[in-house]
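The values are calculated or read from the model by the stated rules, or taken from the named source; none is laboratory data. Just so we're clear, the structure is a prediction, and the values are computed from it rather than from any experiment. Backbone-built Cβ (ideal geometry, glycine too); neighbour counts: all protein chains shown. To get the accessible areas, we keep the full protein, side chains included, count just its heavy atoms, and leave off ligands, DNA and RNA. Shrake-Rupley method; radii C 1.70, N 1.55, O 1.52, S 1.80 Å.
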Amino acid sequence: MSAVPEWKTIQLPYRLERRIFADDEVLRRELELVFKPSWLFVAFSSELPDAGDYVVRRMGRDSVIVTRDEHGSVVVLLNSCNHRGTQLCRATFGNSAHFRCSYHGWTYSNDGRLVGVPHLRTAYPTGFDKSLYHLRRARVTDYRGFVFATWAEDGPSLEDHLGPFRWYLDALLDFGGGEWEVYGPPQRSVTKGNWKVPTDNFAGDGYHMGTTHQAAFEQGIYGDSLASGTLGRKELELIGINMGTDQGHSLRAGYVVEKGERTVNADISEPVYLGYPEQNWPAFTAAQTPEQVRFNSRCEVLHGAVFPNAAYLSVSHDKAIGREDDPLTKYTVWRTHTPIDAHHTECHYWTLVPKAMPEEWKQRSYRFQARSQSAGGMLFEMDDFENFARIDSAVSGPVADGEPLDLTLGLGLGEPVPDFPGPGTAEYCTLSEHNQRAFYRRWGELMGYDGLMGAA
Ligand code: FES
Ligand SMILES: [Fe+2]
């Protein structure tokens, strides 16, 4: 590994340089200092039900095979032959006990051992040691079906990496009866734009909704969760809560409250789970702790980023595009934003549904997700991708780079949420870049970008 060169920064608190979204040298440094040592989400274990099942994903720029070996363990292998570097497995998914290189035929077992070298006895020096050429294996942890991997053999555990954010992941997964499934195969798309742009957007950007997605709201295609069911008989408003952790993870939640109310479900005698049929609510409540009930009740939207490049969104609305009669429905999507280069990002999307829900509801939830936030999404994804591409078009010039970008939205305006049921410092502030500041602060720490941010 060559030494990572130093690079100069403008050290203005709450400002970013444009070139962090466009510079190849910044990306090279990110791959070394952010992606290589971090825990990265690679797959759901449910994508690999049987021995030999595999999917091909990327950890930063490195192609990896995520597979279940013959002993039933999920392993993550560097997908590059140790002879000349050829990508070993080119299929996106499949089942195989071995991976045979297409160039000269070196063959690896699905636990990464080099087991076959053509003409080994006749054409190689005696004593050739195959064990020196096993595939590099990443360290793997499966957390409740979420498979994370890292190249840092002695780095922190996944639990330490998640820190307080684990409470929120559990709150999401304990909901709905406690068991979730990935519905349908993952979707994939490529967007013009740096990987940090969609991640920043998912971390906490409520600010863009009225502008970027204006058409969706004006045309009523998005529906209205406030007007639904019993909630519609009250005077209601949606309030935003932001929570960013030291590890760079974030959560932004929108709660339906009575006008002027500033507590998060102090009374949970009648929890409301927006987007799920009422007959399921008692079972959902029974499977959660009281704190989780307070957290999930009346939550209309929940989204955030899991540092460095995973994100999630859980949102309820009615009227999926073209279906006026669709009732209020929740969809939950897990995503990753992986750099292809400094200007292009590969996005993966997995739709998650509670196992306990009926098939008809799962299909509807999947349809809502696919029509708005997916590779073929007609609304939100295309609106957002257009802006991500426009950022890429305008940040590369030397003059543009000298003009700082602002990160002060909501700074000093958030009110503390003293009774918030989860850990971390949560604040009420519907429009805020609190979470983006947490993301870039952690990114800056790993990048050696000291002095970028002041205290939020
Ligand atoms: S590059 Fe794989 S066998 Fe030669
Ligand atoms: Fe958006």
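What the table below lists for this structure:
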{"read-out": "Where a residue in segment 35-46 is on the phi < 0 side of the Ramachandran plot and its partner, wherever it lies, is of a type in the set (Ser, Thr, Tyr), with Cβ under 7 Å and at least six apart", "value": "37/150; 38/150; 39/150; 40/150; 41/336"}
{"read-out": "Criterion (within 14 Å of ligand 2 (Cβ to nearest atom), surrounded by fewer than 20 Cβ atoms within 10 Å (Cβ to Cβ) and not in a loop (DSSP other than H, G, I, E, B)) met by exactly one of 389, 400", "value": "389"}
{"read-out": "Failed item, numbered, when residue 363 is tested on (1) outside any loop (DSSP other than H, G, I, E, B); (2) over 21 Å from the mean Cα position of the chain (by Cα); (3) at pLDDT below 90", "value": "(3)"}
{"read-out": "Pick from segment 81-111, criterion part of a strand (DSSP E or B) and more than 9 Å from ligand 1 (Cβ to nearest atom), ranking: most open to solvent (accessible area, probe 1.4 Å)", "value": "93"}
{"read-out": "Residue 375 being over 21 Å from the mean Cα position of the chain (by Cα), under 26 Å from residue 45 (Cβ atoms) and outside any helix (DSSP H, G or I)", "value": "no"}
